[in-house]
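Below is one structure; the comments refer to it alone.
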């Protein structure tokens, strides 16, 4: 039977085994758990905020204000990383609207992407994105879905060397181009990789997550809920009482705790339009994280 | 796009149904006077169909051309592109259709709209009337706010469907090439709504395919006479 003590020991042991620093935010009451970015040691909360679909609200002021409220609750709960892309419609101006309304919170960790076939247009797109966010520079820029990565990546690394950017990364989703992702991780000096990982989509556990640990690359996890599908699917069943040990009180937290308890994961980025959901998501990065045995039990329960 | 076979239609849906229908609400509020004019133009087209004249055929095509260019600019370029970057590419396609309709009206002058009491013609007329008068009710029937109604001349689906119904009644000229863009749009829109799990996803595609079937039946009938 799992107890609080062995769950905590399991989480710490898994972290140590992966060669990562312990959860820096553990002792902070109310603050989300953090894990250091391997290339610098900078602590990053284990839950961030995605913006795919949810922040694409066009010029609808009412919905822009709802998004700003989500951002306010996110920062209030100790969140930092917000992730977006030029591909996400009006998500970038919506973030810019929210940041301006919140007077540009200092905690923000801005994660953007470059997504354009013509590499020569990359700098222009990045500058347009930066202006839409209204930030002096991005913390992290990622090559979205590896589009023209051979040309974009050197440009991003040059930006980092020039101090115009703090971190460089690459992204994929839903298991696409994992072979290329592995090759880039093994050969390029990137700081971040973004992949899909959740309790049912676990392919990255085999090669990409171990490689990230080996190469000291931070991992951002997209589609933690498969755009809500997992929550809708699991909601028909009762939340198992044995996860109460971890503090998980909802299916969203069950799913997120499974993800962020993997020691190679730096940050999961669920997206939402609701303030109560963003609070619930961030709260998943508090309390205890399941150890290997409990993770296996959670995965079995999810598959059943 | 690499590994294109791994993508599903849902991977391209970048907005929520709520945002999509609120877009129609704000669009209708901004352009409601145009709705009054476009509905009046729909009735005018119907009357011109009942009393065909050489000028009438040209006027019908010209009205359609004006409405298509309006939808291209006001809906796709000004509104829809704010939540779907793909709309910025659809706008010029709708503009192209508008130019083709107006060119057919002004230059070619050979396209005639002929509606008899034969069943396919009656169905095409009914389809046109549904596009103009019935389509705005679809939103309410599906439980959405009245303000989110899709209106002929403002929204792409009823405009494309009405155009297909009219072209199904056309003889001569460029009617076949003119069918392509509205047909493709109705299919694409149906796919979008299906991905959004909207219950009315089938309306535009089924209507469009019905109009195509009528066009084919009429063409075969004409070739025999």
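Odds and ends about this structure:
- Within the range B:170-212, considering residues that are outside any helix (DSSP H, G or I) and either under 12 Å from the mean Cα position of the chain (by Cα) or over 20 Å from residue B:84 (Cβ atoms) (or both), the one modelled with the lowest pLDDT: B:173
- Residue within the range B:8-25 that is more than 12 Å from chain A (Cβ to nearest Cβ), modelled with pLDDT of 95 or more and in a helix (DSSP H, G or I) present: no
- Spans of helices (runs of 4 or more DSSP H) in the range A:239-304 with at least 3 residues farther than 30 Å from residue A:95 by Cα and more than 13 Å from the chain's Cα centre (by Cα): A:292-303
- Inside the range B:3-33, residues that are more than 25 Å from residue A:229 (Cα to Cα) and surrounded by fewer than 17 Cβ atoms within 10 Å (Cβ to Cβ) make up a count of 4.
- Annotation: residue B:84 fulfils all but one of (1) within 14 Å of chain A (Cβ to nearest Cβ); (2) touching a helix residue (DSSP H, G or I) at 6+ places or on another chain (Cβ under 7 Å); (3) surrounded by 20 or more Cβ atoms within 10 Å (Cβ to Cβ); the unmet one is (2).
- The range A:272-304, residues that are free of Cβ contacts under 8 Å to residues at least 40 places away in the same chain, in contact with a helix residue (DSSP H, G or I) (Cβ under 9 Å, 6 or more places away or on another chain) and over 30 Å from residue B:19 (Cα atoms): A:295
- Which listed residue, of A:128, A:183, is touching a residue at least 40 places away in the same chain (Cβ under 8 Å), over 21 Å from the mean Cα position of the chain (by Cα) and surrounded by fewer than 19 Cβ atoms within 10 Å (Cβ to Cβ): A:128
- Verdict on residue B:95 being buried (at least 21 other Cβ atoms within 10 Å of the Cβ) and touching a residue at least 24 places away in the same chain (Cβ under 8 Å): no
- Which listed residue, of A:180, A:201, is closer than 25 Å to residue A:303 by Cβ and within 14 Å of chain B (Cβ to nearest Cβ): A:201
- Qualifying residue in the range A:39-46 (condition: within 14 Å of chain B (Cβ to nearest Cβ) and either modelled with pLDDT under 95 or surrounded by fewer than 22 Cβ atoms within 10 Å (Cβ to Cβ) (or both)): no
- Among the candidates A:110, A:91, residue that is away from chain B (no Cβ under 12 Å) and buried (at least 21 other Cβ atoms within 10 Å of the Cβ): A:110
- Flag for residue B:49 being touching a residue at least 24 places away in the same chain (Cβ under 8 Å), away from chain A (no Cβ under 14 Å), closer than 23 Å to residue B:151 by Cα and surrounded by 13 or more Cβ atoms within 10 Å (Cβ to Cβ): yes
- Residue list for the range A:50-67, restricted to those being in contact with a strand residue (DSSP E or B) (Cβ under 8 Å, 6 or more places away or on another chain) and at the interface with another protein chain (Cβ under 7 Å from one of its Cβ atoms): A:53
- Test: residue in the range A:139-146 that is assigned to a helix (DSSP H, G or I), away from every other protein chain (no Cβ under 14 Å), crowded, with 20+ Cβ neighbours inside 10 Å and on the phi < 0 side of the Ramachandran plot: no
The values are calculated or read from the model by the stated rules, or taken from the named source; none is laboratory data. Bear in mind the structure is a predicted one, so any value in this text is a computation, not a measurement. Positions of Cβ are backbone-derived with ideal geometry, glycine not excepted, and every protein chain shown enters the neighbour counts.
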